[in-house]
Amino acid sequence: MKLLRITPRLLGGILLSIIASLLNLGLPLLVRHFINLKQFAWSGLSKKVLLLGGLILIGNLLISTLSDYLISSEGDRQVRQLRLRLQKQVLRLPQKYFDQQISGNLTSRIINDVNVLRSFLTETIPATVTGSLTILGTMLITFSLDWKLTLLMLLVFPIDGLVTVPLGKISEVIADQSQSSLAALTGVTSESIKQIKTVKLNNAESDVLAKNTREINQLFSLSLKADRITAMIGPLQSMLSFCLIMAVVLYGAIRVKTGSLSTGTLGAFMMYFFQIIGPINNVALFYSDRKQMLGATRKISEIIGEAAEDQAKGQQVLEQGSSLLKLDQVSFAYQDLPVLEKVNLAARSGEKIALVGATGAGKSTLANVITRLYPLDAGRISLNGQASTDFSLRQWRGFFSVVLQENTVISGSIRDNLTLGLNRKAPDQELWEALAMVRLEEYVKKLPKGLDSLLGESGARLSGGQRQRLQIARACLRDFKFLILDEATSSLDADTEKIIMTALDQLRRTKNCGQITIAHRLATIVNSDRIYFIKNKTVIASGSHDELMEQVPDYRRYVHEQQVREKS
């Protein structure tokens with residue numbers, strides 16, 4: 001899978017880099033000219049040679065600057081496109097995928113692994129191409145000057161290979177392991193910061209530190225291995241290069257003394273020798289860099305290759321007026337464990353229904369399958385007779401406004417949170433009305449920036465109850481047919497909950513929408529038009545609170561247990 005491409009802009013930058021390198025090949029020849037002069041004099045030829053040398057240096061500076069900019073900017077542009085592509089793909093992945101991932105690992109793939117690809121595109125490829133041509137050009141020039149000295153200089157290639165090839169193979173393995181270790185460290189660090197309040201309240205600092213320390217030590221151990229390899233390669237190459245330089249100097253000095261080689265030519269050879277050391281190392285490191293790039297490509301391609309949520313269905317026309325949501329024989333298993341079995345349920349516009357049952361009965365899972373966060377294993381969900389799968393995911397989820405028990409407040413302002421996902425521009429007056437409905441208006445008005453006040457990460461500057469109320473206000477601003485409240489008032493006191501539920505009842509009648517409430521608190525559900533009692537993964541009874549109390553012993557027992565809990 002091609003994630004980054006060789007574009008005309010990148011090729012242009014590489015071509016300019018090649019030109020700059022070829023210009024450099026002329027400098028040793030100019031130095032040779034001056035060294036070979038019997039007596040330094042400002043002759044016309046010498047002035048021209050000196051002027052040419054100055055022009056080469058200035059031209060090299062300008063061309064190299066433009067080359068570096070073209071290559072770097074093109075790399076940044078492609079990295080931006082790849083990160084956007086990854087972000088779009090991540091947002092389209094099904095909920096099941098995220099249940100099996102650590103968010104920090106995904107973050108590392110999008111940030112760190114993409115940087116590896118950028119480095120290969122903007123550094124390794126240009127350096128390898130330019131280096132190869134520099135080596136070739138140097139060999140052609142030196143052969144024309146003295147083929148014997150050139151053959152001696154060629155020994156640098158097998159000698160350098162003896163060092164870099166075996167150590168490079170070890171480096172490849174370490175680099176791949178380091179990428180995975182860095183992703184794991186990013187994951188645990190992100191999780192520990194995100195859950196810092198839970199960590200502190202449970203006195204779990206030592207546990208979290210131990211977990212993070214393991215990952216840090218793992219990465220440290222791999223870094224030390226890489227450091228040892230690097231520490232060996234550099235001195236070994238320097239030592240071998242020095243030995244070869246001495247051999248070239250000694251052989252060249254003998255040739256100069258015998259008169260078969262000029263001093264200027266020997267000086268030029270030395271310049272060429274030092275000039276190709278860098279390119280030789282760049283070419284030698286190409287395969288280890290390529291291996292690291294392939295590892296990053298594989299991991300990124302795994303994300304891109306994941307099956308996204310089905311977006312294929314188009315916009316369906318839904319008749320105006322009352323809506324009927326039905327679940328017929330719905331079954332669902334999570335990781336091969338049955339969670340729902342043959343569930344039947346109906347909800348109508350203007351009606352308030354409740355889903356109740358013991359913890360783990362499948363109430364929240366029902367909300368998840370209704371909104372198509374998870375695909376059904378069997379059965380059918382329909383709206384006014386039309387199957388849910390006939391609608392695009394975007395259109396189907398637009399029929400529902402959901403408030404979850406867990407914190408879904410995002411970092412940003414109050415306005416950002418209220419208008420999250422809103423497909424229209426809501427005037428400030430409407431935002432204030434939503435806040436007033438959940439009794440947050442006065443609090444927000446006291447903030448220095450009002451609606452534009454920042455809330456911190458995940459709404460850290462709000463209390464738990466304020467966060468829930470803000471989430472309810474956000475939900476009520478949407479245009480929906482059914483409002484789903486999943487333990488949405490669990491952090492509110494009884495009086496505040498009563499006020500908000502009364503406001504939601506009024507909203508339901510005004511919008512002619514349905515309301516599906518999932519709650520344990522009896523006061524939240526007893527006034528529902530119909531209650532679905534869930535046990536053993538299915539709905540075993542439905543009716544009003546009074547009807548269920550009279551007819552269903554299991555429901556009576558459940559209510560009694562809840563009353564005991566609420567009193568204790």
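The values are calculated or read from the model by the stated rules, or taken from the named source; none is laboratory data. All values derive from a computational prediction rather than experimental measurement. Cβ sites come from the backbone with ideal geometry, for glycine too, and all protein chains shown count toward neighbours.
Couple of notes before you dig in:
- Scan of segment 444-468 for residues that are modelled with pLDDT of 85 or more and either in contact with a helix residue (DSSP H, G or I) (Cβ under 6 Å, 6 or more places away or on another chain) or farther than 22 Å from S490 by Cα (or both), ordered by number: V444, K445, K446, L447, P448, K449, G450, L451, D452, S453, L454, R467
- Criterion (buried (at least 19 other Cβ atoms within 10 Å of the Cβ), within 21 Å of L25 (Cβ to Cβ) and among the β-branched types (V, I, T)) met by exactly one of T134, T122: T134
- Selection within segment 494-536 - more than 21 Å from F482 (Cα to Cα) and either in a strand (DSSP E or B) or modelled with pLDDT of 90 or more (or both): K535
- Whenever a residue of segment 541-568 is assigned by TED's automatic domain parsing to the domain that holds T517 and at positive phi, its partners that are loosely packed, with under 14 Cβ neighbours inside 10 Å and not aromatic (F, W, Y), lying with C-beta atoms within less than 8 angstrom and at least six residues away or across chains, give the pairs G543/Q551.
- Some residue of segment 150-173 being closer than 24 Å to K2 by Cα and either among the β-branched types (V, I, T) or at pLDDT 80 or above (or both): yes
- For segment 366-380, the set of residues classified as among the β-branched types (V, I, T) and either modelled with pLDDT under 90 or crowded, with 21+ Cβ neighbours inside 10 Å (or both) consists of V369, I370, listed by residue number.
- For the criterion of being within 24 Å of A519 (Cα to Cα) and not hydrophobic (A, V, I, L, M, F, W, C), R439 passes.
- Among (1) more than 26 Å from S453 (Cβ to Cβ); (2) in contact with a Leu (Cβ under 9 Å, 6 or more places away or on another chain); (3) of a type in the set (G, A, S), the one test that A488 misses: (1)
- Filter result for the condition that a residue is surrounded by 17 or more Cβ atoms within 10 Å (Cβ to Cβ), closer than 30 Å to L152 by Cβ and among the β-branched types (V, I, T), over T265, T258: T265
- R394 touching a Ser or Thr at 6+ places or on another chain (Cβ under 9 Å) and either part of a strand (DSSP E or B) or assigned by TED's automatic domain parsing to the domain that holds S528 (or both): no
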